[in-house]
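Heads up: the structure comes next, in structure tokens.
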Amino acid sequence: MHKGFTLWFTGLSGAGKSTVSGIIEQRLRELGARVELLDGDVVRTHLSKGLGYSKEDRDTNIRRIGFVCELLSRNGVIAIAAAISPYRAIRDEIRARVPNFVEVYVQCPLEVLVERDVKGLYKKALAGEIAHFTGVSDPYEPPVAPEVTLDSSSETPAQSADRIWATLEHLGLISFDRSALAHA
């Protein structure tokens, strides 16, 4: 049915990581897959509570998510991580440790993110009111060779999910008997 693997979503805040990862999670669950979603915001309130936004704290947070993904995928579970994970070196470190690591880069132009931002965080960061805001006053290092690159400014979340699904099938990480679905 499926192998254990890690599907790692990276991109700026508001790019669509949580939305698309949630669609993939739901599709997998509907087909009976064992899957866990580790959303960056949720992880920060539980597993990484107390960490700040310094480079060291961000690295610690991402390493913790990576460790959980490694445990899950090693035990036949599909681990989905949706976290900004701004530093390439840490993502590459996790890729080296986790077998069947699939990186999904969700890109979106800054001006679109500012328009989408219902909390106004980007406007505050651009005005200098928020320090250490990734993509504005702190760096974001895009992946060099992700398995999938999405552009959430030009495709719908469903289209993005379809592209990821096709990649997972192509890589041989998922394979489902669709005949049961045809009779439902």
| said: At a 10 Å Cβ-Cβ cut-off, how would you order Val148, Val20, Val98, Val112, fewest neighbours first? | reply: Val112, Val148, Val98, Val20
| field | Charge dipole of the range 5-182 about the Cα centre (unit charges at C-beta), most positive-ward option of Gly172, Val112, Phe5 | value | Phe5
| request: Obtain the nm distance between the two label points defined at Glu93 and Trp165 by a simple spin-label model: each point lies 7 Å from its Cα along the Cα-to-C-beta direction. | output: 3.6
| Too long at a 31 Å Cα-Cα cut-off: which of Lys3/Lys123; Lys55/Lys124; Lys3/Lys119; Lys3/Lys124? | Lys3/Lys123; Lys3/Lys119; Lys3/Lys124
| For Lys17, Lys123, what ranking results if the residue with the fewest other Cβ atoms within 10 Å of its Cβ goes first? | Lys123, Lys17
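Using alpha carbon coordinates only, what is the Rg to Rh ratio of the chain, with Rh defined as the Kirkwood radius? Please report the intermediate quantities before stating the final value.
Numbers: Rg = 16.6 Å, Rh = 16.9 Å.
Checking Rg against Rh, the ratio lands at 0.98.
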| message | Give the lysines reachable from Lys49 as a straight Cα distance under 16 Å; neighbours fewer than 8 places away on the same chain don't count. | response | none
| field | Cα long-axis angle, helix 157-170 against the chain (0 to 90 degrees, to the nearest 10) | value | 50
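With charges set only on the Cβ (+1 for Lys and Arg, -1 for Asp and Glu), what does the dipole of the chain come to about its Cα centre, in debye to the nearest 20?
Numbers: 22 positive and 24 negative charges, 90 e Å.
For the chain, the charge dipole is close to 440 debye.
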| query | Got a sec? Charge dipole of the chain, +1 on Cβ for Lys and Arg, -1 for Asp and Glu; which of Gly16, Asn75, Gln26 is way out at the positive end? | reply | Asn75
| remark: The helix 88-97 Cα axis meets the longest alpha-carbon principal axis of the chain at an angle in degrees, between 0 and 90 and rounded to 10, of 30
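Which whole-number percentage describes the relative contact order of the chain, with Cα contacts under 8 Å and a sequence gap of 6 or more?
Values: 289 pairs, mean separation 61.1, N = 184.
RCO, the chain: 33 percent.
Calculated from DSSP H runs of 4 or more alone, at -39500 (n - 2.57) each and per residue, what is the 222 nm mean residue ellipticity of the chain, nearest 500? Could the numbers behind the result be given before it?
On the way: 8 runs with 81 residues, N = 184.
My calculation for the chain gives -13000 deg cm²/dmol from helical runs alone.
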| remark: Which of Ile84, Ile130, Ile94 fluctuates most in a GNM of the chain (C-alpha springs under 10 Å)? That residue is Ile130
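All of the numbers you see were taken from the coordinates with simple rules; none came from a lab. Here the structure is a predicted model, which means the values were calculated and not measured. Because the Cβ atoms are built from the backbone with ideal geometry, glycine has one as well, and the counts that use them run over all protein chains shown.
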